[in-house]
2 protein chains.
Amino acid sequence: MKIMIAGLGLIGGSMAKSLKRAGYSADGADRPAVCEKALQAGAIASVARDTAAYDVVFIALPPDAAMDFIRDSSFAEGAVVADICGVKGALEKFVYSRPRAFRYVGCHPMAGREVSGFENSQETLFDGASMIIVENERTDREAVRLLEKLFSEMGFSTLKHCGAEYHDRKIAYTSQLAHIVSNAYVKSPAADGFPGFTGGSFQDMTRIAGVDEEVWTRLYMLNRTAAAEELALLIDNLKLYLGALQSGDEAALKGLLREGRLRKEQLDKEKKIL
Amino acid sequence: MKIMIAGLGLIGGSMAKSLKRAGYSADGADRPAVCEKALQAGAIASVARDTAAYDVVFIALPPDAAMDFIRDSSFAEGAVVADICGVKGALEKFVYSRPRAFRYVGCHPMAGREVSGFENSQETLFDGASMIIVENERTDREAVRLLEKLFSEMGFSTLKHCGAEYHDRKIAYTSQLAHIVSNAYVKSPAADGFPGFTGGSFQDMTRIAGVDEEVWTRLYMLNRTAAAEELALLIDNLKLYLGALQSGDEAALKGLLREGRLRKEQLDKEKKIL
C-alpha cells in the first residue's frame, strides 16, 4: 500500500511519524525546506512527486489549501483520499461538486497542540485520541475500513462516525467556541503580567488563546452559522450571570451556578458511560 | 511555635499535611468526623480546643465562616491570624471594623483542585504554587515574615504581595471570571455527551465548571463589582467576534483573533521575564 501525506505540519508530520512507528513507509509533500526536515527525521521515505501513484492520500492542509490540492491533483482511480480539516460540510460540498474517480473520506483528528509545524510533530500525538470519520450515502465502506485500520495503528483509540452537518455543529461548540473564548479572555486590562495571580484556572482558560488567525479565520468562515449560534448562546448565558451580579441577586446567581454544576456532573457521568 | 488550622478541607488539610512534612506539628479544628480523619491520617497532632493557645492560626474556611470564626474566637495577644479566603477586601473590612489584639494577615493560595474536602488534601498541593499575601499600612511586618517562612516550608515557590483592592480585581479576572465562563460553557445543548468530539480545548474550558454554588455565590457577592466589570468586558469582547461571524466580515474576525494572539504572546513573554 502506497501512502502519501500532503502537508507535513503538526498533524501531517505526526501522521508520518506514527505511521512509521507502525511499520509503514509514507511519502510526503510540502515546501522543500519542510520536506528536507521530514526526510532527515526519517518521517517520510521520499518526497512525493506524482499524487496518482498512491493508494492512500492524506491531505493534512488547511481547508482552502486542501481544496486547491484536490482540485489541482490527479489521483489513481479508487484511491482513498482523506482530508483532516476541522470543518467538513464545506469540504464535502467542494469534493462532490465535481466528477472524481477517487474515494473521498472526510476525517478530523481530535488532537492538536498550541504549537504548529513539523518541528512540533510527534509520533505519539494521536495516542489515545479520537478520530472523527465523516460519512454519508456516497462514502465507500471499504475505504472507511482501510482508514480505520490505519488510524488505529497511528494510535487513535476512539473512532467516531457521523455526518458532516453533525460534525460541524459539534465542532463549533467543542473547539471553535473554545478558541474564541480563550482568545477574547486575554484581552482584559487585568491581564498585565502578574503571574503570581494565576492558578490552573487561568492557564486552562487561556492556553489556546494564541490561534493562528489565518487558519482559524477560514475555519470560522467555513462554519460560521454554527459557530455564531454557539457564541450567541454562550453570550446569552453569560448575560444571566452578569445580571445577577449587577443586581446583587444572590439566589439567581446560585441557581445559575448550580445549573452549570449539575450539567457538568451529567457530562462527566455520560463520558464514563460512553 | 504553636500552630492551629481552623477548617481541614482541601486547603486546610493540605496545609496541615505540608506543615507536617516540613517538621511542624499543627492542631486542627473542624467537624468531629473531619477531625477524626485528620487525626488518623496524622495530619494534625490533636484537636484544637482553645484558639487563644496558639501563636499562629490559619483560617481555612469560606469567607462567611471565616468571619464568624474571627468574631467568635479569642486569640492570644500578638497571635498571627491568617485567613486564606479568595476575596480579601471584605475580610479586611470585617477584621478592621472591630478592636483586636491579634495580628491579621490576609492570604490567598493560588492552588486548588476541582475537588474538595480533607480526603482530597495533599502534602504536595502547594509545591511550586504561588501565595498572595495582602498587605496594607496596618500589617505587621514581623507577622508577614513569619508567614513567609511557613509558606515557603509548605512548598509555595512564589510569594506575592499586594493590597486587597488590587487582589480582588485580579482575582475577579484570573479566577472568578474563569469559573463563570466554564460554568456557562457546559450549558449548550451541543454538550450532549459525545466525548469523541472533545479534544483538550473543551476539557480545559470546562474543567472548573462544577463549582460549589454555595461557596462561589458568596465569593462572587463579596467581590461583585470587580467580577461584574470583568464579565461585562468579556461579553463586550465576545460580541465583537459574534458580529464578525454574523456579518461574514472575515477581515474583522482576523483582526480580532490576531489581537488576541498578540496579547497571549505578550503575556507568555512577561511571564518568562517576571
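In the range A:202-230, the residues that are of a type in the set (D, E, K, R) reach residues that are buried (at least 23 other Cβ atoms within 10 Å of the Cβ) with C-beta atoms within less than 6 angstrom, at least six apart or across chains, in these pairs: A:Glu213/B:Leu257; A:Arg224/B:Leu245; A:Glu230/A:Ala172; A:Glu230/A:Tyr173; A:Glu230/A:Leu177. For the range B:77-102, a residue qualifies if it is buried (at least 18 other Cβ atoms within 10 Å of the Cβ) and of a type in the set (Gly, Ala, Ser), and the qualifying residues are B:Ala79, B:Ala82, B:Gly86, B:Gly89, B:Ala90. The single residue among A:Ala33, A:Ala16 that is in the same structural domain as A:Asn120 (by TED's automatic domain parsing), more than 13 Å from A:Ala60 (Cα to Cα) and small (Gly, Ala, Ser) turns out to be A:Ala33.
Table: residues versus (1) surrounded by fewer than 23 Cβ atoms within 10 Å (Cβ to Cβ); (2) in the same structural domain as B:Ala178 (by TED's automatic domain parsing); (3) in a loop (DSSP other than H, G, I, E, B).
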{"site": "B:Gln203", "(1), (2), (3)": "yes, yes, no"}
{"site": "B:Ala209", "(1), (2), (3)": "no, yes, yes"}
{"site": "B:Thr225", "(1), (2), (3)": "yes, yes, no"}
{"site": "B:Leu242", "(1), (2), (3)": "yes, yes, no"}
{"site": "B:Leu245", "(1), (2), (3)": "no, yes, no"}
{"site": "B:Gly255", "(1), (2), (3)": "yes, yes, no"}
{"site": "B:Arg258", "(1), (2), (3)": "yes, yes, no"}
{"site": "B:Lys264", "(1), (2), (3)": "no, yes, no"}
{"site": "B:Leu267", "(1), (2), (3)": "yes, yes, no"}
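Can you confirm whether B:Arg263 is within 7 Å of chain A (Cβ to nearest Cβ) and basic (Lys, Arg)? Full working, then the answer.
Working: within 7 Å of chain A (Cβ to nearest Cβ): yes; basic (Lys, Arg): yes.
For B:Arg263, the condition - within 7 Å of chain A (Cβ to nearest Cβ) and basic (Lys, Arg) - is met.
Within the range A:238-252, the set of residues being at the interface with another protein chain (Cβ under 7 Å from one of its Cβ atoms) and closer than 17 Å to B:Ile235 by Cα comprises A:Leu238, A:Lys239, A:Tyr241, A:Leu242, A:Leu245, A:Gln246.
Elements of the type helices (runs of 4 or more DSSP H) sitting completely within the range A:7-94 and holding at least 3 residues that are closer than 28 Å to A:Tyr220 by Cα: these cover A:10-21, A:63-72.
Conditions first: (1) in contact with a Leu (Cβ under 7 Å, 6 or more places away or on another chain); (2) at pLDDT 95 or above; (3) under 25 Å from A:His167 (Cα atoms). A:Val211 passes all but one, so which condition is the exception? Result: A:Val211 passes all but (2).
Give the range B:42-64 a look and list any residue that's in contact (Cβ under 8 Å) with a residue 60 or more places away in the chain and of a type outside the set (Asp, Glu), or say none. It would help to see each step written out before you state the result.
As a first pass, look at the range B:42-64 and keep what is in contact (Cβ under 8 Å) with a residue 60 or more places away in the chain: B:43, B:56, B:62-64.
If the condition is that a residue be in contact (Cβ under 8 Å) with a residue 60 or more places away in the chain and of a type outside the set (Asp, Glu), then B:Ala43, B:Val56, B:Pro62, B:Pro63 are the ones that fit.
A:Val56: in contact with a Lys or Arg (Cβ under 8 Å, 6 or more places away or on another chain) and closer than 12 Å to A:Ala6 by Cβ, yes or no?
Values: in contact with a Lys or Arg (Cβ under 8 Å, 6 or more places away or on another chain): yes; closer than 12 Å to A:Ala6 by Cβ: yes.
Yes.
Residues in the range B:60-89 that are under 21 Å from B:Gln176 (Cβ atoms) and of a type in the set (Gly, Ala, Ser) were compared, and the one that is modelled with the lowest pLDDT is B:Gly86.
Exactly one residue among B:Ala65, B:Ala79, B:Ala111 is farther than 21 Å from B:Arg141 by Cβ, touching a helix residue (DSSP H, G or I) at 6+ places or on another chain (Cβ under 9 Å) and of a type in the set (A, V, I, L, M), and that residue is B:Ala111. The set of residues from the range B:181-237 being under 19 Å from A:Lys239 (Cβ atoms), among the small types (Gly, Ala, Ser) and more than 7 Å from chain A (Cβ to nearest Cβ) comprises B:Ser182, B:Ala226. Determine which single condition A:Asp192 fails, assuming it passes every other condition in (1) in contact (Cβ under 8 Å) with a residue 60 or more places away in the chain; (2) outside any helix (DSSP H, G or I). Result: A:Asp192 passes all but (1).
For the range B:103-152, a residue qualifies if it is part of a loop (DSSP other than H, G, I, E, B), surrounded by 21 or more Cβ atoms within 10 Å (Cβ to Cβ) and more than 14 Å from chain A (Cβ to nearest Cβ), and exactly one does: B:Ser121. Taking (1) surrounded by fewer than 20 Cβ atoms within 10 Å (Cβ to Cβ); (2) at the interface with chain B (Cβ under 9 Å from one of its Cβ atoms); (3) in contact (Cβ under 8 Å) with a residue 24 or more places away in the chain; (4) assigned to a helix (DSSP H, G or I) in turn, A:Glu165 satisfies each apart from (2).
The values are calculated or read from the model by the stated rules, or taken from the named source; none is laboratory data. No experiment lies behind these values; they were computed from the predicted model shown. All Cβ positions, even for glycine, are placed from backbone atoms using ideal geometry, and neighbour counts span all protein chains on display.
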